[in-house]
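Notes follow the structure.
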Amino acid sequence: MSIRVLSPADARALTAAQNACALFGRDDRVAVVVTGPDRAKLLHNLLTQQVKDLDVGAVRPAALCDPQGRMQAAMTLVVQAERIVLWTARAQAESLAATLDRYIIMDDAEAKADEDLALVTVVGPHARMTLASLQIAPSATGEAVAVHIGGKAALAWLGTTGGKEHAPWGAGLPEISLQLQRDDLSDVAEALIQAGVAVGCHAATDVLRILAGDPLLGPDLEDGSTPLEAGIPDTVNYRKGCYMGQEAIAMMTYRGQLRRHLCWVELDGDSRPETGWTLRTADGRKVGRMGSGIVKPDGYFLGLAMVQRKGYEPGAVLTAGPDQPATDSPAPTAALRIVGSTVAGVF
């Protein structure tokens, strides 16, 4: 994944989301559908989130880790009457379904990716007001409710995107997620656009994701990263029983010692880094890895980077560069300033 450069059209879509509301097709997310009488039991025993006894309509963030606490997938869990839907990154969908299926031994359950389901989001300060004009009122508690848009059935739930309370840019924007059948996408989109929702784009979605400190497995997280290091502790429920990786996550929590954590970084110069470049201190010590980033039309760069504890200091400047140059010429480098940590209340 390379650093994304926004076009003027991308910037207009971002402005619409930040000042009014915009519609985003979330083809970057795929539904893994878990069915069968033992579906809640299976997921409760594997995921970091409480699943048993959740009511229909419950929406929760969750993660699947290996026994060492290393994240394998992050997801949004939606409980329905006859199934549980896990919305996860497209790159992890098939492996998530396969992993769940591998652990189905005595349980009466089935897990598979379902491309017939689609997800769209309406993001912005006017999102709730605009959807109210279509008689759509998502629950203020974030639970999924049945709605109709353009004559088509959907599930809607309320969340936020584009910022955390401790982020340098302040709290995030209202985000209304809509789960629907893929065949109904065009009718639903037309109804929303006629109601005044602007058309978004994938680049603007990426900006909001980075502002929120929402990492992608692979580009942003090193192998072995835990949900705590990734800055998404709300995926973990500390009141439930055993789950995959519980011991490692519990030890990290109670000791209060993270080996590394996800940070926001900006340029300290003109040269731009690439995803995967190594981060070093002034004396040459390796202290992290560059993740994803965006460049706005005015040239402003913002990105995510995994930084070791020993290299973290707000305002510190690190040098990013490839470990092994592709040629004999001097390796390209970029200077990056640490803006802050996506992990709240630890540093």
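Derivation of every value follows stated rules applied to the coordinates shown; laboratory data play no part. Note that the structure is predicted; figures quoted are calculated from it, not measured. Ideal geometry is used to build each Cβ from the backbone, glycine not excepted, and the neighbour counts take in all protein chains shown.
Here is the figure for segment 189-248: residues that are surrounded by fewer than 22 Cβ atoms within 10 Å (Cβ to Cβ), within 17 Å of the chain's Cα centre (by Cα) and on the phi > 0 side of the Ramachandran plot total 1. Of the strands (runs of 3 or more DSSP E) entirely within segment 137-236, those holding at least 2 residues that are closer than 22 Å to V343 by Cα occupy 152-161, 173-181.
Evaluate segment 297-310: report whether one residue or more is among the basic types (K, R) and out of contact with any helix residue (DSSP H, G or I) (no Cβ under 8 Å at 6 or more places or on another chain). Taking every residue of segment 297-310 in turn, at least one turns out to be among the basic types (K, R) and out of contact with any helix residue (DSSP H, G or I) (no Cβ under 8 Å at 6 or more places or on another chain).
Condition check ((1) touching a residue at least 40 places away in the same chain (Cβ under 8 Å); (2) in contact with a Ser or Thr (Cβ under 8 Å, 6 or more places away or on another chain)) across all residues:
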| site | (1), (2) |
| --- | --- |
| D214 | yes, yes |
| P219 | yes, yes |
| G245 | yes, yes |
| Y254 | no, no |
| H261 | yes, yes |
| L267 | yes, no |
| T278 | yes, no |
| D283 | no, no |
| P297 | yes, yes |
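Filter segment 154-182 for residues that are within 24 Å of V32 (Cα to Cα) and out of contact with any Asp or Glu (no Cβ under 8 Å at 6 or more places or on another chain) and give the result. Within segment 154-182, L155, A156, E175, I176, S177, L178, Q179, L180 qualify.
When you check W157 against the structure, is it hydrophobic (A, V, I, L, M, F, W, C) and surrounded by fewer than 18 Cβ atoms within 10 Å (Cβ to Cβ), yes or no? No; evaluated as a whole, the condition is false for this residue.
Report whether or not V343 is part of a strand (DSSP E or B) and among the β-branched types (V, I, T). So V343 does not fit the description; no.
If you go through segment 4-48 and keep only what is assigned to a loop (DSSP other than H, G, I, E, B) and touching a Lys or Arg at 6+ places or on another chain (Cβ under 6 Å), you end up with L6, D28.
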